[in-house]
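Worksheet: one structure, shown below.
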Amino acid sequence: MASGQLPSSRRPAGKARLSIGFILARRFTLCAFANFVDVLRLAADEGDRSRQILCEWTVLSDTMSPLASSCGVVIQPHERLGDPGKFDYLVVVGGLMDEIPNLSPEYARYLRQAATLGVPLVGVCTGAFILHRAGLMDGYRCCVSWFHHDDFLEQFDGLQPVSDQIFVVDRDRLTCSGGASSAHLAAFLVEKHVGRAQARKSLHIMIIDEAERAETPQPGIPLDLHTDDPMVKKALLLMQQNIDTPIAIDELSRRLGANRRQLERHFQRTIGMAPTLAYKIMRLEYAEFLLRHTKHSVTEIATSTGFCDSSHFIRAFRERRSMTPMAFRENA
């Protein structure tokens, strides 16, 4: 099967056109699960009646014990692990990194059985880590959130994760970075098996303007800031994780176990600029991403990228791009 191709529905005639089985990791990410399942729910029925007509979804469990998400909200499973062949896809929703090794081995056996039967497997959020730990991602491209890119490289050898797009479809493995990308991956499956109108209806009701394609970029560290220096890499990741509330460089140095002068020397030697400038470039590039891909106001984007007010943001943006944010948006 060529990369990006998926099998047509495995359901008998007269049944739902798309059937999904969910496996939720311990302390799974509720947002990723909710976005995915709500696209199915809204596409499954006319209006907003939530009947499982065109789509079906089932939360699976090895014990039927309630499953707690990372935020504490609990989900009650629908049925025990059984025949994976009755589903069109099995979706593994991951969550907190330190819980990945604690997943019951019954799930790994179930997923391997599904793979043997040819059931496509989907990894959402850190669900890709779970699939790879089960030995089910060898030879596949794999989408990982920019937030967990380095974690993935540290834990799994021999696999290059993709963290510059929102989801990846590689034959019968589908992976996405979580968050809003879960809705876009679900809409991709709904469009394929149920119809484009149903996929667009789901997203519109969820106030998501249009379905994004797989190659839509994740907001990430600008390419000209990439480095092999461990201290600078960790500093850039901390910066990226705190774009909306920037960390002072002295505090950043403290977290890295260095002093400010040491950090500045590492930045100058490896990427040719001070950490303050690198941080500013990162925030402005994220602002460009928001200008291209959202309808947020300039004031909202200024807040999202850690500028004290819109005037400060507009001045900084004009210095970098020789135009205002609104002019950039119009040109983009």
Distance between modelled label sites at Arg269 and Ala68, nm, 7 Å Cα→Cβ extension: 4.5
Amide H contacts of Trp57 (H built 1.01 Å from N, under 5 Å, at least 5 apart or other chain): Ile20
Inter-centroid distance (Cα atoms) of region 170-201 relative to region 33-71, Å: 14
Mean Kyte hydropathy of -0.5 or more with a Cα span along the axis of at least 15 Å, helices from DSSP in the chain: 30-44, 180-193, 230-241, 275-293
Correct option for Cα extents along the principal axes in Å [calculated from the coordinates] among (1) 56, 40, 36; (2) 86, 49, 38; (3) 64, 41, 40: (3)
Residue-averaged 222 nm ellipticity for the chain, from DSSP H runs of 4+ at -39500 (n - 2.57), nearest 500: -13000 deg cm²/dmol
Highest-first arrangement of 280-290, 44-54, 311-321, where packing means the average Cβ count within 10 Å: 280-290, 311-321, 44-54
Under-28-angstrom lysine pairs by C-alpha in the chain, whenever the two are 8 or more apart or on separate chains: 11
Paramagnetic reach from Asp224 in region 244-274 [backbone N under 16 Å; point 7 Å along Cα→Cβ]: 268-274
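Rule-based calculations on the coordinates, nothing more; no lab input. Everything quoted here is computed from the prediction, not taken from an experiment. Here Cβ is always computed from backbone atoms with ideal geometry, including for glycine, and neighbour counts include all displayed protein chains.
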